[in-house]
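The values are calculated or read from the model by the stated rules, or taken from the named source; none is laboratory data. This one's a predicted model, so the numbers in the text were calculated from it and none came from an experiment. No Cβ is skipped: glycine too gets one built from the backbone with ideal geometry, and neighbour counts run over all protein chains shown.
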Amino acid sequence: MRVAGSTVVITGATGGIGAALARRFATEGATGLCLSDRPGTPLDALAAELSAAGVPTITVEADVADEQQVTALVEAAERELGRIDLFCANAGIGTGAGLDADPAVWAAAWSVNVMAHVHSARAVLPGMLARGHGWLLHTCSAAGLLSSPGDAPYAVTKHAAVAFAEWLSIEYGDRGIGVSVLCPQGVRTPLLTDGLAAGSPAALAVARAGTILEPEEVADATVTALAEGRFHILPHPEVAEYLRRKATDPDRWLSAMRRLR
């Protein structure tokens, strides 16, 4: 997937990884960007910055947990940009909860971390299939490959998000549709920094697991991996080795994960 010459939609675009992706895609030569985030989030400054850099950029507010709003987002992007070549389902939420999590917390995590990906695929794939090409980039976190301590709803829903992306690749990979899952470990975003400030066990476990990357480093790794057509995008390369250990010796891997608590 070459970003140059492509039109791109990014959810969760206000800050963190989403904003870094938008800036990196702009410098890479994207010909149109649609930035989206929850109603009430400040997208205009980033859109103005990218437009001033010469990349046509629009903003569309959407709650990704609401299928009608996601459909409206896709329709607006196709109307204003002409088509969608790359859809980045980047929005996600953490909960910091374990077995004590209320069912409403589980439902919220499921709605944003899983169903938002389903909603966007349902809305954007018909156009991509009609054109014979398109790419889906789903931000899933290393927690979607390696269950992380501390946040049960997050680990479970991110695993489901990876499974859905795998299914999409299996079903549509021979019809011109590419799929990638972006699975970093710790990234210096509000989700992590706020968790560390609050003493969240999940955030502390992430910090102990290894290097904390800047969002810009994640965006650079993403562009490289997309150009190579990779399914797994691993800004922390060591995640590949951890995944191998999990597959070949799960008991030892589980023991190692306990030490991160």
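Per-structure values
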item: Selection within region 63-89 - in contact with a Gly (Cβ under 9 Å, 6 or more places away or on another chain), assigned to a helix (DSSP H, G or I) and of a type outside the set (Val, Ile, Thr); result: Ala77, Glu78, Glu80, Leu81
item: Residue match in region 151-174 (condition: under 22 Å from Gly229 (Cα atoms), part of a loop (DSSP other than H, G, I, E, B) and either in contact with a Pro (Cβ under 6 Å, 6 or more places away or on another chain) or not β-branched (Val, Ile, Thr) (or both)); result: no
item: Single residue of region 1-17 satisfying the filter (in a loop (DSSP other than H, G, I, E, B) and within 14 Å of the chain's Cα centre (by Cα)) that is modelled with the lowest pLDDT; result: Gly15
item: Cβ pairs under 8 Å, 6+ apart, first in region 201-220 and under 17 Å from Arg258 (Cβ atoms), second modelled with pLDDT of 85 or more and part of a helix (DSSP H, G or I); result: Ala202/Tyr154; Gly210/Glu238
item: Residue selected from region 18-42 under the condition among the small types (Gly, Ala, Ser) and part of a helix (DSSP H, G or I), by the criterion farthest from the chain's Cα centre (by Cα); result: Ala26
item: Residue that is farthest from the chain's Cα centre (by Cα), among those in region 90-108 that are under 23 Å from Gly18 (Cβ atoms) and not in a helix (DSSP H, G or I); result: Gly96
item: Count of residues meeting criterion [among the charged types (D, E, K, R), part of a helix (DSSP H, G or I) and at pLDDT below 95] in region 175-203; result: 1
item: Test: residue in region 37-50 that is buried (at least 24 other Cβ atoms within 10 Å of the Cβ), small (Gly, Ala, Ser) and in contact with a strand residue (DSSP E or B) (Cβ under 6 Å, 6 or more places away or on another chain); result: no
item: Residue check, Ala198 among the small types (Gly, Ala, Ser), over 16 Å from Asn90 (Cα atoms) and in contact (Cβ under 8 Å) with a residue 40 or more places away in the chain; result: yes
item: Candidates Ala121, Ala45 - the one that is assigned to a helix (DSSP H, G or I), free of Cβ contacts under 8 Å to residues at least 12 places away in the same chain and either under 25 Å from Pro215 (Cα atoms) or within 18 Å of the chain's Cα centre (by Cα) (or both); result: Ala45
item: Test set (1) farther than 22 Å from Arg230 by Cβ; (2) surrounded by fewer than 21 Cβ atoms within 10 Å (Cβ to Cβ) - Arg24 fails condition number; result: (1)
item: Selection count where residues are outside any strand (DSSP E or B), charged (D, E, K, R) and closer than 21 Å to Ser120 by Cα, scope region 48-62; result: 0
item: Qualifying residue in region 234-244 (condition: of a type outside the set (D, E, K, R), farther than 20 Å from Ala155 by Cα and not in a helix (DSSP H, G or I)); result: no
item: Residue list for region 124-136, filter: at positive phi and in a strand (DSSP E or B); result: Gly134
item: Residues of region 204-218 satisfying the condition of being part of a helix (DSSP H, G or I) and either at pLDDT below 85 or under 23 Å from Glu241 (Cβ atoms) (or both); result: Leu204, Ala205, Val206, Ala207, Arg208, Ala209, Glu217, Val218
